[in-house]
Amino acid sequence: MSKSGLLLGFDFGLRQIGVSVGQTLTASARPLCILDARSGQPNWQQVTALIDEWMPDYLVVGLPLHMDGSEGTSAQLARKFAARLHGRLGCRVELQDERLSSSEARSQLKDMHTTNGHSARVAHNKIDAVAAALILQSWLDSGNS
């Protein structure tokens, strides 16, 4: 089945959920925003508003696997979040291996800080959204679109 159009990516976390937007036409993704969460539960009205605004064809949720590919508690919680997205919103949801996405996001933001003079605090607040963009970009690059 061909997958095309607009996508939203999610970097699930217990306190914050990073969100990115991407499209298959350009095979590119960019950070969008960060949603606050309580014990992994976002404000579902905010999530619904994002879906209504962007009308994505797919949602891509990062799956935090261990380096050996096994799943731990974080992966189980991300799967549960993905299932809730599908159940509550009726959207198609894909899972994408997100190993090292947060460390790569930190590295990219550190590089931006060094070259652009942004404060480290501002960069730190963007990590989850950048990680969501990396997850979505990885999904696009893997030929899923």
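Can you tell me which residues in the range 24-58 are aliphatic (A, V, I, L, M) and in a strand (DSSP E or B)?
Once the filter is applied, which keeps residues that are aliphatic (A, V, I, L, M) and in a strand (DSSP E or B), the range 24-58 yields ALA29, LEU32, ILE34, LEU35, ALA37.
Search the range 80-101 for residues that are under 21 Å from GLN46 (Cβ atoms) and pair each with any residue that is among the polar types (S, T, N, Q) and not in a loop (DSSP other than H, G, I, E, B) when their beta-carbon atoms are under 8 Å apart and the residues are at least 6 apart or on different chains.
That search, which allows pairs on different chains as well, returns ARG88/THR48; LEU89/THR48.
Taking the range 35-93 on its own, how many of its residues are in contact with a Gly (Cβ under 6 Å, 6 or more places away or on another chain) and closer than 19 Å to GLY22 by Cα?
Matching residues across the range 35-93 total 2.
Determine whether the range 3-23 contains at least one residue that is modelled with pLDDT under 95, surrounded by 14 or more Cβ atoms within 10 Å (Cβ to Cβ), assigned to a loop (DSSP other than H, G, I, E, B) and among the charged types (D, E, K, R).
Within the range 3-23, one or more residues are modelled with pLDDT under 95, surrounded by 14 or more Cβ atoms within 10 Å (Cβ to Cβ), assigned to a loop (DSSP other than H, G, I, E, B) and among the charged types (D, E, K, R).
Filter the range 27-48 down to the residues that are touching a residue at least 40 places away in the same chain (Cβ under 8 Å) and surrounded by 15 or more Cβ atoms within 10 Å (Cβ to Cβ), then identify the one that is nearest to LEU6 (Cα to Cα).
First, the residues of the range 27-48 that are touching a residue at least 40 places away in the same chain (Cβ under 8 Å): 27-34, 40, 44, 47-48.
Still in the list and also surrounded by 15 or more Cβ atoms within 10 Å (Cβ to Cβ): 29-34, 40, 47.
On the way: ALA29: 10, ARG30: 12, PRO31: 14, LEU32: 13, CYS33: 16, ILE34: 18, GLY40: 25, VAL47: 16 Å.
Result: ALA29.
The values are calculated or read from the model by the stated rules, or taken from the named source; none is laboratory data. For clarity, every value in this text was computed on a predicted model and none was experimentally measured. All Cβ positions, glycine included, derive from the backbone under ideal geometry; neighbour counts span all protein chains shown.
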